[in-house]
Each structure stands twice: as structure tokens, then as C-alpha cells.
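The block underneath contains the structure these notes are about, expressed in C-alpha cells.
The values are calculated or read from the model by the stated rules, or taken from the named source; none is laboratory data. Please read these numbers as outputs of a predicted model, since none were measured by experiment. Neighbour counts run over all protein chains shown; Cβ positions are idealised from the backbone, glycine included. These area figures cover heavy atoms from the full protein model, side chains too; ligands, DNA and RNA do not enter into them. Shrake-Rupley method; radii C 1.70, N 1.55, O 1.52, S 1.80 Å.
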Amino acid sequence: MIAPGLRIGRYELGERLGKGAFGIVHLARDVELGREIAIKFLRPEYLAKPQVVQRFLQEARAAARIDHPGIVTVYDCGMLDKIGLRVEGTAYIAMERLHGTSLAERLEAGGRMPVGEAIAIARQLAGALVAAHAAAIIHRDLKPENIYLLPDPAVIGGQRVKILDFGVAKLAEGGEPGVHTHSQIMLGTPRYMSPEQARSAAHVDHRADIYALGCIVYELVCGRPPFTGEIADVIHKHQSVEPVPPCVMIPTLPPTLDALIMHMLAKDPDRRPQAMADVDRALAAIDLVVASTQPAIATIETTDKVDPAGRSTTGARRRPWWRRTPSTLALVTAAATLGVVGVVWIECGSHAPALTANTASPAEPAADDPAPAVPLAAERTDTEASAARATTASDDGDLLRTECKALVVDRKWPAVLECARQLERFDATMARELRERSQLEAIAEAELRRLTERIDHHALVDAKQALDRISTSSVYRHDAEQRYAAAELAAKQKLVVKAAVAPPPCAVDDSTQRGNEAFASGMYTAALAAYQDALRCSPDPQLTAKAYVAACSANDAGVARELFAKLPEGRRPVLSQVCLRHGIDPAAADD
């Protein structure tokens, strides 16, 4: 048996540190190098299963291929041999000893994290996964239990992230020899599993890790994963239910971070960021703007100069905000970078937080900025000095008002927000109006992009929801209404054309296709009718389920209950939730 004191080559075994589903971890000492390590042994019940043994050793090979400080270091792996004990043939992995705590333990003890700390951890995770994907390694089981936090004063935030347990990793180049994943095997942890991985572990790519990281970042900022419940229920939600946007639970969350998380959690892999490097860059941009949201310094700067006559002159002049610091342009550019990553997804409507994440913080004034000479205060009366200050302030205020109005015309909303902050000391009322306008239009602009995207994907229901979130006072409202109306008309015309060449009475496939297209366009009554046509010819359980969902969506309680009674009993608990969300109890008797 494996116990403290056992000698395995150069390693001397110590106490047991923990155990998981497949492995048991012991403390050990490398007697040749005199350092502590950790050794993971495959649990005895799996030794007779060659596929599990190979997958266990694959963890070591996968981790060893990644050269990054955020990935646990593997020193050795193999099978116990020639030690004369019953444990011969046991697979083991020797790796670095981690002195820290798992992210799962940190979340359990402290709940959700401050945004700055969450972003710091997410950036390290993304950076490590960029390296893993570059080595053609897909983790496929990212979760807080597989992430360790180690105290490290050299890292911003004081804690280094380490990813471990590559036991179900996939080698993207084709896999390890002798290691095969059946298309129907589900590997991973349901709470953090992408929809495509829940369907088939064999046909996932690096975008499954992007989805899992999105789930983890969601939990970091919200204190809970996107979906909870029984395993089957969680898997269903990952595949069919949109998560509650983080900003609904945390109104102070930066909109850019909320948008990135929702982008990473897209059901369709093609609608997520397409590379972990994109996520890494987006997190860096968000980190930059979040870190910059500090109280503004004074906007009036003074310089002491000597005029040709030898007299000291004090100059006071307000510099334009865009010249005061190069960081302002950098922050606006960083915010724009997030738009490149993906369509911003803002679900919080009027409850969305002010877009402070796009606000730049002024830096130190430039020393070479010219300042007009003004007579010394001692050489003029108090009245003259007050009049001069009032004139300067009035000129600065007028200049700022003009600048802000021009930015509104150009629809540069992050810049409008910054301009409003500078205007606060001159015209508080106009500054407040500009802040509110900037927030409203930034949300509307994002929703217009989302509306256009959903129209392109023929999802008119989602497009209509995006339209409804655009304020009627927004400059984008008219454009959004026109785009939606054109898409709705095109969808109706398409259905009319199909109806004109109606399929024969028992054309099940054609009726089902018409139902699918009508449902995707939000025309639930038409979809229900098409599915019922198909059901008259083929009482298939899948068709019954589709017709039931269409009936729930069309608020047809009678038909929904009739179809619910025909569903297989095993599917009723999950599918009942569809009608319940529409206020219909499918199990209740008709009135």
C-alpha cells in the first residue's frame, strides 16, 4: 500500500495531501535535490482500465508541454516498477508542491471578489491558457477546484494563479496514441461545461475553454456560477438557457466586463471570442480602464515664470482634457478594443451602471504647455483678481461646452463622458445631462449592434428584445426600428412564399422545417401549426417536444397541456420549466 516512508526511486513519500475522483496526492521529498514535491497516484480501482491509466499519464505529458508560470510544473511520470510491493504497476505523476489554496476554497470562504481582484485572476488564467492553446493543449475541465492561488509578492495583486489537473486535456493535434474519447462520453464538470462539450467530448476545440473561463469569471464577480441545480438541469441550462447578465446582480460592474463575460458564454462557439488571446487582450483593456477610475485631479494648473523685466508672473490656464494626458486616448482606444472582441451584450437596461469603465483619469500636466502672463495678485486689486478669474473660468466653461456638444454630434460616447466630468466644475447641470446621455447612447449603440447581429442569424425574437432596450429618445432608435421592420417583413414574405407551395398532407420533413423557421423568427403560432401538421403524420417524441415548446411560447395553454401529457415522463420535469416561464402550469387541468 502507498504510505508515508515509501521510497520511489529518488522520491521519499510523506503525508497524504488530498484525493480526487481519479488520484491521491502525497507530499514527497526529492532526496537528490532536497526539495519538496507532490506526487499524484492513480487510484487502485482504475489500474485495470488501460484507457484511464493512459489518460492519467496524459495529464503529465500535456502539462509538461506548456512552458508558463501559470501551469503547474511536472517533473516526472511513469509506473511504479521493481519496488517489490503490491503497489507495483501504479501510475504516478511527480509535480511541484503548491503552497496555497484552491480558487474553490477562496470563493467558499470569501464569496464574490472585488472587480479588480477578479480581473487580476482572470488575466493570469487567460495568459496561461493562451500558452496551453499555443502548445495545442485544450484543458476541457477548467473549474475553481483545478486552480490554485499562491502568495507571490512579485505578481500584481500578490497572488499567482496555477492551473493543474490536465487529466481530461485534449491534444488538439490528434491526441495521444492509445487514448480515445468516444463521441458520447461526457468529460468535464457540468457547472463549467460548454454546450458543445456536454453533447460530445470528442468534438470540442479551444473555445470550450473560453466558455469555461467565462463561467469562472462570472462566479468570481457574482459569487455563484451561471447555472446551479441538479446535473441534468445544469446541462440543459448550458445548452438552452441564457444566463442572467452579471450586471443585473452586481449593478456596479463595469459594462465592458459584463459584455465580455456574456460574449464568452455564447451558446454557439462561433459567437464567442475566437481565441483566448482575444480574451486576454480584452481583460487587459478592461483592467486598464478600471484601474484608471480614480478621483480627478485639479483641472487648473499654475506655472511661475519670469518676464523680461525680471518680474515674477503667475499664469493660470486650463488645458484641453485631451491634451492633458496621453492616457486619455489610450483608455478610449482600450474601450474601443473591447468592441473588436465581440458584440457588447448589455441586458441591464435602465439599471446598467454608469459607463465609468470608459472614463480616463487625468495625469500630471505637461511642463511645456504655454500659459499667458497675468499680473501678480499683489499688484492688482482683489476686484481685478476676481474679475480675471471669473473671465478665465467663463472662457474655459464655454470652450468645454462647445467641445462636449461636438463630441455628441460625432457620437463619441466615452469621450462625451470624459468631457462631462471636466465640465462638472463649470456647469453641473449640463454635465449631468451629458453623463446620462452618454450612458443611454452607449447602451443603445451596443443594442443596435446586437440587433443587427441577431437579424443576421435570423433570430427575430432576440432582435426585438434588443430593439425594446433602445430608448425611444436615442439617436439610434430610428435606425433600429427600420432594420427590425425590414427583417420582419422579409421573414413574413418568406413564410408566405413557402405557404403558397404548401407541402402534401404528410410531408413531415417539410412541415418540421417550416415550423423551425417560423419558431426562429418568433412566429410561435405558425410554428405550432406546422409542428401539429407533422405530428398528424408522425407522432414522434421529438416533434411533440418542439410543438409543446411552441405552444408555451405562443401562450396556448390548452394545447401546451395536451402535448405535455404526451411527452415521455423522463423529459417532463425539464420541459415543464418552459411553460412555467410563460406563466402556464402544463401539469394543471384545463379550466
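Scanning region 96-149 for residues that are in contact with a Phe, Trp or Tyr (Cβ under 6 Å, 6 or more places away or on another chain) and open to solvent by 20 Å² or more (accessible area, probe 1.4 Å) gives LEU98, GLY100, LYS143.
Just one of the listed residues (PRO269, PRO246) is surrounded by fewer than 24 Cβ atoms within 10 Å (Cβ to Cβ) and in contact with an Asp or Glu (Cβ under 8 Å, 6 or more places away or on another chain), namely PRO269. Residue count for region 202-234, restricted to those that are free of Cβ contacts under 8 Å to residues at least 60 places away in the same chain, assigned to a helix (DSSP H, G or I) and open to solvent by 30 Å² or more (accessible area, probe 1.4 Å): 1. If the condition is being surrounded by fewer than 16 Cβ atoms within 10 Å (Cβ to Cβ) and at pLDDT 85 or above, then region 448-460 contributes only ASP456.
Within the span defined as region 434-455, one or more residues are hydroxyl-bearing (Ser, Thr, Tyr) and over 28 Å from MET523 (Cα atoms).
Is it true that PRO295 is assigned to a loop (DSSP other than H, G, I, E, B), surrounded by fewer than 16 Cβ atoms within 10 Å (Cβ to Cβ) and either modelled with pLDDT of 90 or more or not charged (D, E, K, R) (or both)? If you could, list the steps in order and put the result at the bottom.
Numbers: assigned to a loop (DSSP other than H, G, I, E, B): yes; surrounded by fewer than 16 Cβ atoms within 10 Å (Cβ to Cβ): yes; either modelled with pLDDT of 90 or more or not charged (D, E, K, R) (or both): yes.
For PRO295, the condition - assigned to a loop (DSSP other than H, G, I, E, B), surrounded by fewer than 16 Cβ atoms within 10 Å (Cβ to Cβ) and either modelled with pLDDT of 90 or more or not charged (D, E, K, R) (or both) - is met.
Applying the criterion of being in a helix (DSSP H, G or I), among the charged types (D, E, K, R) and more than 21 Å from VAL508 (Cα to Cα) to the residues of region 536-576, the residue that is farthest from the chain's Cα centre (by Cα) is ARG561. The single condition among (1) open to solvent by 10 Å² or more (accessible area, probe 1.4 Å); (2) closer than 16 Å to ALA491 by Cβ; (3) in contact (Cβ under 8 Å) with a residue 24 or more places away in the chain that ARG425 does not meet is (2).
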